Amino acid sequence: MSTTEPVPERTTRTGGDLVVESLAALGADTVFGLPGQHALGIFDALRRSALRYVGLRVENNAGFAADAYARATHSVAPLLVSTGPGALMTLPALQEAAAGSAAVLAVGSQVPLAGIGGGRHGYLHELGDQSASFRGVVKSVHTARTASQIPSAVAAAWESALSVPHGPVWLEIPQDVLLAEVEIPAVTGLRAAPRELPPRPELVAAAADLLAGARRPVILAGGGVVRAGAEAELLALAERLRAPVATTFGGKGAFPWEHPLSLQSWLEDWHTTAFLEDADTLLVVGSGLGELSSNYHTFRPRGRIVQIEADLGKLEANHAALGLHADARAALAALVKEVGEREPADTGCAGEPGETPESGEAAGAWHAAGAGAHAPEAAVCDLLARVRDRIDGQQLDLEQQLLASVRQALPDGAVSCWDMTILAYWAWSAFDPRAANALHSAQGAGGLGYGFPAALGAAAADPSRPVLAVSGDGGAMYSLAELATARQYDLPVTWLIVDDGGYGILREYMTDAFGTATATELTRPDFVALAESFGVPAVRTSPEHLRTDLAAALAAPGPSVVVLPARLRMFAPTHLDS
């Protein structure tokens, strides 16, 4: 019989309570994280709050979960971690959040105040300058060195994360400040005012003149449209201009996939590249025209570019443009109004004598259709047919069958989260998300392990509908511990693991470049047995049964795993021929 006296419950408040109260006052209701010795003041305070805590098993995975939660909700996702190793483990996830404009507010502890300042005091987890590790990754770095500084520091970090463009921020607080008792009143009236970024009127007018006067206007919509929730404004502008719309991989869902003006997302295809090049005015909104969006920098525009971009560093970073440093939604709304006040361009002269197409087949199709009443729509159909013909000539029936099976199994409106794996690379180009803000992937920073923990974050944002995660076996190994998280919180995530015995895309890259692959083959577990050991139902499927097995898993309550042994190939690139 134990004689240990029970520890009396703490009744006083601490610096940790100020952190938790500040988050709640700013509107947080869910936080992600993993406790550590220096951060225990915050985690103890969670007990006394109404905040819902979702604890993951690895800090990087907690960061990925927070990232997807922020994307899904268009809000701030707090991430709570400890000093040193725990803090540094979040860096890959915060890099992805930065690339994807996800508003993650990472709150980390620090060594006690006496150890801060660069000296070597020998504290556990001590770093000479912990915040320096984050400055090149996050939007802003914040500190609080006294309890009274905590509410304002949390509000400043929140405001920075949610100001346009959204992004991750880092806030650190020393251990002793978190543990110290405080007499400060409970935080209830805290406010943050995220900075808005409206377009300048004279630039909107100039952009409207170019777009309304264009004979071949085309729009390229990026992730900035999705992050801003500007899908309705984009649709209205495209229909007013009758402008074909392509979406970047990060912008998937920004424009209806089956719309007559939809060029879809085939950006790694020279037919699409040529089509964009042939626009006399190309509106690029929410994209920096980076490596993937420019078909590996092979894009060579011949017309004018109008670029709307909230990230000042991306504005005209790759191509000269009429640049609008603005939030995508505000700028598109202003353009819809301004363009509506102008006379539309006469597109009937697109094929008049003396005008010579310069971009081969894509331009020829646009000009040939120019005199008809459905010229832009016909040009879109022609382009998509050319893309399909190119893919169909490569004997990639298995890959297309699998992607179709996933689409058929996934309910409309359900969120999917994709890791860096061959099937995801196909999805970037060929998958119809069927809803705005419903597909999330790690293509921004390109780190492995995103899919499953991100799906957990998306499920935490809306537990009423199933979420799909897609990983390869290599990426799955980064996230296996989170099967325990899925089971603990009973989150409705179905994890599709495509098992090809290694790092499939690296195997393909190395074989193409060197004739053989090195360090790509992997010993892996029995994923079905492993999932079942966590109490998570699992099934091994085949290409023929994928649709029915995946649909059944998605329809069942709680988490599940579907393992598909398959060796996939990518479609041939076109940028190497340029």
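The values are calculated or read from the model by the stated rules, or taken from the named source; none is laboratory data. What you are looking at is a predicted structure, and each value in this text was computed from that prediction instead of being measured. For neighbour counting, all protein chains shown are included, and Cβ atoms are generated from backbone atoms with ideal geometry for every residue, glycine included. When the accessible area is computed, the model is the full protein with side chains, heavy atoms only, and any ligands, DNA or RNA have been set aside. Shrake-Rupley method; radii C 1.70, N 1.55, O 1.52, S 1.80 Å.
Scoring 35-45, 185-195 by mean Cβ neighbours within 10 Å over their residues and listing the highest first yields 35-45, 185-195. Restricting to the range 439-578, compute how many DSSP beta bridges are antiparallel as a %, nearest 5. Just about 5 percent of them are antiparallel. Here the sum of -39500 (n - 2.57) over DSSP H runs of 4 or more residues, divided by the residues of the chain, equals -11000 deg cm²/dmol at 222 nm, to the nearest 500. Assigning unit charges at the beta carbon (Lys, Arg +1; Asp, Glu -1) and nothing else, what dipole magnitude in debye, to the nearest 20, does the chain show about its Cα centre? Computed charge dipole of the chain: roughly 840 debye. Relative to the longest principal axis of the Cα atoms of the chain, the long axis of helix 375-392 makes an angle of roughly 70 degrees. Per-peptide packing, taken as the mean over residues of other Cβ atoms within 10 Å, places 274-283, 197-206 in the sequence 274-283, 197-206 from highest down. Extension gain for Arg567 to Ser152 (0.36 nm times residue separation, less C-alpha to C-alpha distance): 144.1 nm.
Using the Cβ-Cβ distance between Ala193 and His319 with R0 = 35 Å, the FRET efficiency computed as 1/(1 + (r/R0)^6) comes to roughly 0.55.
Note on Lys337: aspartates and glutamates with a C-alpha under 14 Å away, same-chain residues under 8 apart excluded, are Glu202, Asp209, Glu233, Glu239. Once both labels are positioned 7 Å from their Cα atoms along Cα-to-Cβ, the gap between Thr298 and Ala132 label points is 4.3 nm. Note on the chain: dipole from Cβ charges, positive end direction compared against Leu383, Leu113, Leu550; the farthest Cα belongs to Leu113. If only the Cβ of Lys and Arg carry +1 and only the Cβ of Asp and Glu carry -1, the dipole of the range 494-578 around its Cα centre is close to 100 debye. Note on Ala186 and Ala50: their simple-model spin labels are 1.0 nm apart, each label 7 Å out from Cα toward Cβ. Per atom type, the chain shows carbon and sulfur on 53% of its accessible surface, probed at 1.4 Å. Sorting the segments 55-65, 207-217 by their mean number of nearby beta carbons within 10 angstrom, highest to lowest, gives 55-65, 207-217. Classification of the range 90-228 by its C-alpha gyration tensor yields a prolate form. The axis ratio a/c (a ≥ b ≥ c) is 1.5 or more, and a/b outweighs b/c.
For the chain, give me the percentage of DSSP beta bridges that are antiparallel, rounded to the nearest 5 percent. Here the share of antiparallel DSSP bridges comes out near 5 percent. In degrees from 0 to 90, rounded to the nearest 10, what is the angle of the helix 451-461 Cα long axis to the longest principal axis of the chain? Once rounded, one gets 80 degrees. The alpha-carbon of Lys252 sits under 23 angstrom from the alpha-carbons of these lysines, leaving out residues fewer than 8 places away in its chain: Lys314. Relative to the longest principal axis of the Cα atoms of the chain, the long axis of helix 201-212 makes an angle of roughly 40 degrees.
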